[in-house]
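The values are calculated or read from the model by the stated rules, or taken from the named source; none is laboratory data. In this text the structure is predicted, and so the values were computed from the model without any measurement. Note: ideal-geometry Cβ built from the backbone for every residue, glycine included; neighbour counts use all protein chains shown. Ligands, DNA and RNA are excluded from the accessible area calculation, which covers all protein heavy atoms including side chains. Shrake-Rupley method; radii C 1.70, N 1.55, O 1.52, S 1.80 Å.
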Amino acid sequence: MTKTIIELKKADLTLGRDAASVHVLKSMDLSIDEGEAVGIVGPSGSGKSTLLMVLAGLERLDRGEIHIRNTPLHRLGEDALADFRGRNIGIVFQSFHLIANMTALENVAVPLELANVRNPFDIARRELQSVGLGERLSHYPGQLSGGEQQRVAIARALAPSPAVLIADEPTGNLDTETGRQIADLLFSKQQERGMTLVLVTHDISLAARCSRQIRVRSGEIAGDSRNQPAEQAAFA
């Protein structure tokens, strides 16, 4: 029996003010089950990345509700929200977001340390080894390739053992072959750990690897399909 892990109800969000305001999400309803791999696609400006930031707990709704693991994120204060996000949601960005003056090991361990997790460096070492970077622990981001930096970012996202893994254009800054390797890694980790994976991508072939594809247009869900071939998952 499937269990809902993410639920949006009448989610509404406007960014900017006055003449510069943009109605980004328009009374959106969305339900995602535990263990699903969901690809979110849509044209630039459709609201897909903002939707992802809402699901990651990094953007607040103006109106409506968001529940993750039966927790109403829209009702949490900033500290409680940050704590929930740190324990339940892993986030991978297109541009890696690594700290330049920290080693790979420190980039993964320090967020755990700040969250008062026991043995943060042991966990970080294990996660880096699991993504193929056991020989790169002491390297700084500037000494790593783009693919290696993204592997560090994935290890950092996985380190707290999150129930939900959020990825925003995770292959967008990588060449085709490296991007394929990173995608393989994300899907293998999702299946291995039974996590829910939600990713935004312009790469239709990547979205097609997900068990479900959601098309967003003008702040609304324009399509929702499961296990469709890449050409059918493309937005019009």
- prompt: Looking at the stretch 191-236, which of the residues that are crowded, with 22+ Cβ neighbours inside 10 Å and in a helix (DSSP H, G or I) is modelled with the lowest pLDDT?
  reply: Ala233
- request: For the stretch 30-46, name all the residues that are without any contact (Cβ under 8 Å) to a residue 40 or more places away in the chain and assigned to a strand (DSSP E or B).
  value: Ser31
- request: Identify, by number, the condition in (1) open to solvent by 40 Å² or more (accessible area, probe 1.4 Å); (2) assigned to a loop (DSSP other than H, G, I, E, B) that Thr171 doesn't meet.
  value: (1)
query: Restricting the search to the stretch 15-43, which residues are more than 30 Å from Met195 (Cα to Cα) and not aliphatic (A, V, I, L, M)?
result: Gly16, Arg17, Asp18, Ser21, His23
task: List every residue pair whose Cβ atoms sit under 7 Å apart, with the two residues 6 or more apart in sequence or on different chains, where the first one lies in the stretch 109-134 and is under 13 Å from Arg151 (Cα atoms) and the second, anywhere, is open to solvent by 30 Å² or more (accessible area, probe 1.4 Å) and not in a loop (DSSP other than H, G, I, E, B).
output: Val131/Arg151; Gly132/Arg151; Leu133/Glu148; Leu133/Arg151
message: Condition first: out of contact with any Phe, Trp or Tyr (no Cβ under 6 Å at 6 or more places or on another chain) and surrounded by fewer than 17 Cβ atoms within 10 Å (Cβ to Cβ). Can you find one or more residues in the stretch 149-158 that meet it?
response: no
field: One residue from Leu51, Leu98, Leu81, Leu58 being aliphatic (A, V, I, L, M), buried (at least 17 other Cβ atoms within 10 Å of the Cβ) and not in a helix (DSSP H, G or I)
entry: Leu98
